[in-house]
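Just so it is clear, none of the values below were taken in a lab; they were calculated from the coordinates. Here the structure is a predicted model, which is why all the values come from computation and not from measurement. Because the Cβ atoms are built from the backbone with ideal geometry, glycine has one as well, and the counts that use them run over all protein chains shown.
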Amino acid sequence: MHTLVFGLLVLLNNTMGTGGARPAIIPVDEASLRGIVDESRGKVVLVNFWATWCKPCIEEFPDLLKLRKEYGEEKFRLVFVTIDEPKKADREVRAFLRKMGVEFDTYIKNVKNDEAFINSVDSHWGGAIPATFIYNAQGRLVHSLVDEQTFDDLSVLIRPLVREVKTHSQERRSTP
């Protein structure tokens, strides 16, 4: 009985954070990353590859979160993929996400072949981080950016894509 109670307390602790559900850190590979983009069709998707040990990644993080706040969740989806070692996920990655106020699920690269994973994202990407990939609402990669980005730089690219996205209420009004 004590083991069951302890297990439930550990589970509760691992799923609760400040202000509600603690975001999960979910392993991602080539297929599941493509699935994330595909399931987000109808939204502009920004996928950002980062790590806790990457200073430019850390510096651009607030601007990426600002984009999410600016464009909302109906027309825009921000996807973080850390390339930190999985054994660091629970301690270092989760602590950083908590510090930054991230309240949504994040992904951690979990692949057998780094080169195949990198090429599945963009064959022109060499794997350097930070790296940001922007997909239009049809799920097509439209921008590949390597190096630290600013809110303003990214907004110039995202704003026209978000304007093209119909909201669900617009779709309902235009359907006979």
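Once both labels are positioned 7 Å from their Cα atoms along Cα-to-Cβ, the gap between V156 and R98 label points is 3.8 nm. For segment 92-114, the residues whose amide N sits under 17 Å from a probe point set 7 Å from the Cα of R34 along the beta carbon direction are 110-114.
The relative contact order of segment 20-168 comes to 37 percent, based on Cα pairs under 8 Å that sit 6 or more residues apart.
Length available on full extension from E59 to R41: 0.36 nm per residue minus the Cα-Cα distance, which gives 3.6 nm.
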